[in-house]
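Remarks on the structure that follows.
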Amino acid sequence: MIPTYVVGRLTGNETGSYLSLDLGGTNMRVCLVRLLGKGEFTLRQRKFTIPEAYKVGLGRPLFDYMAECVGLFLDEARTDQELLPLPDGRSYALGFTFSFPLNQTAVDRGTLMRWTKSFNLPDVIDKDVVQLLQSAMDRLNLNVRVTAIINDTVGCLLANAYRDPNTQIGVILGTGNNAAYYERIPQITKWTAQHDPAVHPATRGETEMIINCEWGAFDNERRALPRTRFDARVDRMTHHVFCQLFEKMSAGMYLGELLRLVLLDLIDRRLLFDGYSSDILNRPMSVDTAYMSAIEADTTADLEHVRRVLEDVLDMPAGSSTLLERQIVQRVCALIGLRSARLGAVGLTTLLSQREDQLSDPNVKLAIAVDGSLFEHYPCYPERLKAALEVLLGEDCVRNRITLGLAKDGSGVGAALGAMLAEKRR
C-alpha cells in the first residue's frame, strides 16, 4: 500500500490543457488532453517505438529520447494550432505514467526501486526518474514541467473520476493486475507517522489521498490464498519466485500457463487425448490467454472452435479430440477464468470495506473504474466479477449502489489529470 501524494477529488468541471507521457514496455505515448468541463475532453496523441538499444545500458539515452519525442509532439501540436502559447514564466504541465516500482516521496518525486519488463538500466536505480526526465527536457529547452508521476491504476481512477465523481477505485484487470483507491488521510499510517497532514503542503486542506495498493504482491508469504500445485509451478517458472503471488493466480499473463499445466496433468493421468500431448503444449508459457477466450466463447454444438485451437494452435493431431474432451478443456478454462474474477472481487470488496464510512451509508453511490484486457475481452468476466461482488457484499448493495465501468486510457488522460491536480496545489 503506497501513498501516491495525489490528493483532491475531481468534479468533472475542471478545464485546461495538459500533457502526459506514458512509458510502456514496447512503445511510449505522448498526449495532449484538453479538459472541456462537464466530464468532456479531447485527446491528441502520438505513439513512439522504444528502440531496444535504449532499454539496456545507461539511462541517459532513454530519457533523452523521451524528451525528444515530447519535443516532436509539441512541434506538431503547435503547427496544428492545438497548443496555445503560454504567458511568460509559465510551463506546460506534464503527468508521467511510470509503471515500474517506485519509492515515491512527493507527487513529482520518485526513485526507481527496480526495473521490470525488458528494461535493464542499472544506473537509474535509486535515482529520481522525474528529475532525470525533467533534466532531459531542460537540455532541449522544452517549456514543460513534470508535475506528477503516477502508475496506470491511479490514472484509471482519475480518468473515470473526471466523468463520474463517485469513482472510488481504479483497477487494472489485464496482463497484470493492481488497484488504487481513495483513502482518508488520517488512516494512512505510512504518511501520518512521518508528517502532520494538517500543515504539510502535500495534504493541507485535503481529506483523502489515492493509495496504490500493489495488490499483485498480496500473500507473498503464502499464508492466506488457497494456492494449488499448479500455482506453485507457475511461480517457480518465473524470474521472481514467491513474488506477485496474487497476480500469478489471477492476471492474464499467467492464466494460459495455468491452463497448459492442468491439461498436461490430465494428459499424464490419461484422462485426456489418450495420454498424448504435443511439442507446443509441452513448452512452458506457450498457451496465450487469448486462446482461452476463444475456447470459452465457443457455443457451437460440437465445440468446433475449441477443436481448432487444439489442432491449429496447440498442434494436436487432427481428429484426436472427442466432444467430451473438448467440453473438459472448455470447463477448465471456465474454472480458471472464474477464479480470476472472484479473486478480483475479493480485492475490490476489501477496498470497499476499508472505506466503511462510505459502504455503510445507503445513500452513497460507488463507482469502480476498470481497465484491462481480461475485463474488456474475456468472455463473461464482467458478469462473473459482479456476481462475486454480489455474494460478498449483497445483491441490493451491488445492484443499487455500485457500478463497474470500463475506463479506457487512464495512462494518458489520467496522467494529465494528475498533472492538473498537482499544478493546482503549486
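Taken together, the values in this text are just the output of simple stated rules run on the coordinates, not laboratory data. On a predicted model such as this, the values are computed, not experimentally measured, just so you know. Note that we place each Cβ from the backbone using ideal geometry, even for glycine, and neighbour counts take in every protein chain shown.
Highest GNM mean-square fluctuation among A294, A224, A251, for the chain modelled with Cα contacts below 10 Å: A224.
Between L43 and D274, what's the calculated FRET efficiency when r is the beta-carbon distance and R0 is 56 Å? Round to 0.05.
Rounded to the nearest 0.05, the efficiency is 0.55.
Put a dot 7 Å past the Cα of I125, heading toward its Cβ, do the same for C397, and the two dots end up 4.3 nm apart.
Full extension of the segment from K117 to R283, taken as 0.36 nm per residue of separation minus the current Cα-Cα distance, would add 57.7 nm.
Comparing M113, M292, M66 in a Gaussian network model of the chain, where Cα atoms under 10 Å apart are tied by springs, the biggest mean-square fluctuation is seen for M113.
Classify the range 217-257 from the C-alpha gyration tensor, please: rounded if a/c falls under 1.5, else prolate or oblate depending on whether a/b exceeds b/c.
Cα axes put the range 217-257 in the rounded bin.
Residues H200, H305, ranked from the fewest to the most other C-beta atoms within 10 Å, line up as H200, H305. Counted residue by residue at 0.36 nm each, then reduced by the alpha carbon distance between them, the extension gain from R426 to E68 reaches 126.3 nm.
Could I have the simple spin-label model distance between D196 and N27, label points 7 Å from Cα toward Cβ, reported in nm to one decimal? Placing both labels 7 Å along Cα→Cβ, they lie 4.9 nm apart.
Annotation note: trypsin sites (Lys or Arg not before Pro) in the range 253-312 located in DSSP loop regions with a Cβ neighbour count of at most 13 within 10 Å are R269, R270.
For the chain, adding -39500 (n - 2.57) for each run of n ≥ 4 DSSP H residues and dividing by the number of residues yields -11500 deg cm²/dmol at 222 nm.
In a shell of Cβ-Cβ distance under 9 Å around T97, excluding T97 itself, what net charge do Lys and Arg (+1) and Asp and Glu (-1) give? Within the 9 Å Cβ shell, the charges total -1.
For the chain, with a Gaussian network of springs between Cα atoms less than 10 Å apart, report the residue from A232, A161, A416 with the top mean-square fluctuation. Comparing A232, A161, A416 in a Gaussian network model of the chain, the most mobile one is A232. The lysines within cross-link reach of K47, meaning a Cα-to-Cα straight distance under 23 Å and a gap of 8 or more places when in the same chain, are K55, K117, K408. State whether the range 100-151 is rounded, prolate or oblate according to the following rule on the C-alpha gyration tensor (a ≥ b ≥ c being the square roots of its eigenvalues): a/c under 1.5 gives rounded; otherwise a/b larger than b/c gives prolate, and the remaining case gives oblate. Cα axes put the range 100-151 in the oblate bin.
Label point of K408 set 7 angstrom out along Cα-Cβ; within the range 8-41, amide nitrogens under 16 Å from it belong to 40-41.
Loop-resident chymotrypsin sites (Phe, Trp or Tyr not before Pro) (DSSP state other than H, G, I, E or B) in the range 183-242 with no more than 16 further Cβ atoms inside 10 Å of their Cβ: F242. Look at the Cα gyration tensor of the range 274-423: its axes a ≥ b ≥ c give a/c of at least 1.5 with a/b over b/c, and that counts as prolate. The trypsin sites (Lys or Arg not before Pro) of the range 135-229 meeting both criteria, a DSSP state outside H, G, I, E and B (loop) and at most 14 other C-beta atoms within 10 angstrom of the site's C-beta, are R204, R222, R223. Residues whose amide H comes within less than 5 Å of that of V144, counting only those at least five positions distant or on another chain, are Y92 (H built at 1.01 Å from N in the peptide plane).
Cross-link partners of K386 among lysines, defined as those whose alpha carbon lies under 18 angstrom from its own and excluding same-chain residues fewer than eight positions apart: K365. Three principal axis extents of the chain based on alpha-carbon atoms, in descending order, are 76, 54, 41 Å. Which helices, taking whole DSSP H runs in the chain, have alpha carbons extending 20 angstrom or more along the helix axis plus mean Kyte-Doolittle at least 1.0? Flagged H segments are 252-268.
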